[in-house]
Amino acid sequence: MKRTGFMLYGGVAYIVFLLTFLYLVAFVAALPLVPRTIDFPASAMPAGLAMLVDLALVALFGVQHSVMARAGFKAAWTRIVPPAIERSSYMICACLALILLFVLWQPLPAWVWDVRDSAAAPWLWALAAAGWAIVLLSTFMISHFELFGLVQVWDHWRGAPAKPPSFRHPLFYRLVRHPLYSGFLIAFWVTPAMSYGHLLFAPRCRSTSSWRSSSRNAISCGCSARIMSATAPASAS
């Protein structure tokens, strides 16, 4: 019964991650498919207060990723949370921190640049989409399902011992040291319209660029980092 419960928990955590990741794409791109994005609806707060709120939300996300990735926290955490669902639990916490950011984010919609009506706009959208594709493809190159906790709960359900990570440098990792970072940086910075809120978000959420970069990525390609690296639990290591 416990094994089945862990499997269900891991599956739900993965679905939460997928939905949160998809919302993150729409949030950063300010797509009108979702109710709240990085640029709308406009905040009723004074700009200074809105900026403080946004910085606090990003800091909370960064602290969650950094603290939960520490070996000391992990040692204490696994006394409470079984190792089989540690990665899934970490992922749930990361998603909750991002969801809180989505809900409470205060847009600062004044523009640093806006070329949405120019011929460059479709090319910039395509390049941003390529950044997100690099992020997703990079996770599959280093074991996507282990990165997001499904391998761990599957092995536990089968009663199989956890497998140690292997040292690999697949495709992107032979070209760029940190392809997850590279993908996120492209997705965050390449946009036809850069608002001040987006500008505040992009450099400070660089740790999101290792959101799910995880310690498995650190072992596979020498990567480490601070908020999808230090942003992931070391359970795969």
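Can you spot a residue in region 18-34 that is among the aliphatic types (A, V, I, L, M), modelled with pLDDT of 95 or more and over 22 Å from the mean Cα position of the chain (by Cα)?
No - not one qualifying residue is present in region 18-34.
Considering only region 15-31, state which residues are outside any loop (DSSP other than H, G, I, E, B) and surrounded by 15 or more Cβ atoms within 10 Å (Cβ to Cβ).
Passing the criteria: V16, F17, T20, F21, Y23, L24, V25, A26, F27, V28, A29.
Here is a list: V58, V34, V53. Which entry is under 25 Å from W132 (Cα atoms) and either touching a strand residue (DSSP E or B) at 6+ places or on another chain (Cβ under 8 Å) or assigned to a helix (DSSP H, G or I) (or both)?
Every option except V58 fails the conditions.
Run P161 past the list (1) over 23 Å from the mean Cα position of the chain (by Cα); (2) buried (at least 18 other Cβ atoms within 10 Å of the Cβ) and report the number of the one that doesn't hold.
All conditions are met except number (2).
Using the structure shown, decide if V12 is of a type in the set (A, V, I, L, M), surrounded by 15 or more Cβ atoms within 10 Å (Cβ to Cβ) and farther than 17 Å from L200 by Cα.
no
Scan region 102-135 for residues that are surrounded by fewer than 16 Cβ atoms within 10 Å (Cβ to Cβ) and in a helix (DSSP H, G or I) and jot them down.
V103, L104, A121, P122, W123, W125, A126, L127, A129, A130, A133
Name the pairs whose Cβ atoms lie under 7 Å apart, with the first residue in region 111-124 and within 15 Å of S195 (Cα to Cα), the second part of a helix (DSSP H, G or I), and 6 or more positions between them or separate chains?
V112/Y196; V112/L199; V115/A121
Each row is one residue, and each column tells you yes or no for (1) surrounded by 14 or more Cβ atoms within 10 Å (Cβ to Cβ); (2) modelled with pLDDT of 90 or more; (3) within 23 Å of A187 (Cβ to Cβ).
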{"site": "R36", "(1), (2), (3)": "yes, yes, yes"}
{"site": "D39", "(1), (2), (3)": "yes, yes, yes"}
{"site": "L52", "(1), (2), (3)": "no, yes, no"}
{"site": "L57", "(1), (2), (3)": "yes, yes, yes"}
{"site": "G62", "(1), (2), (3)": "yes, no, yes"}
{"site": "S66", "(1), (2), (3)": "yes, no, yes"}
{"site": "S88", "(1), (2), (3)": "yes, yes, no"}
{"site": "M91", "(1), (2), (3)": "yes, yes, yes"}
{"site": "I99", "(1), (2), (3)": "yes, yes, yes"}
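Name the pairs whose Cβ atoms lie under 8 Å apart, with the first residue in region 189-218 and farther than 25 Å from L52 by Cβ and basic (K, R), the second surrounded by fewer than 19 Cβ atoms within 10 Å (Cβ to Cβ) and at pLDDT below 55, and 6 or more positions between them or separate chains?
R216/S237
The values are calculated or read from the model by the stated rules, or taken from the named source; none is laboratory data. It should be emphasised that the depicted structure is a prediction, and the values quoted were computed from it without experimental measurement. As a convention, Cβ positions derive from the backbone with ideal geometry for all residues, glycine included, and neighbour counts pool all protein chains shown.
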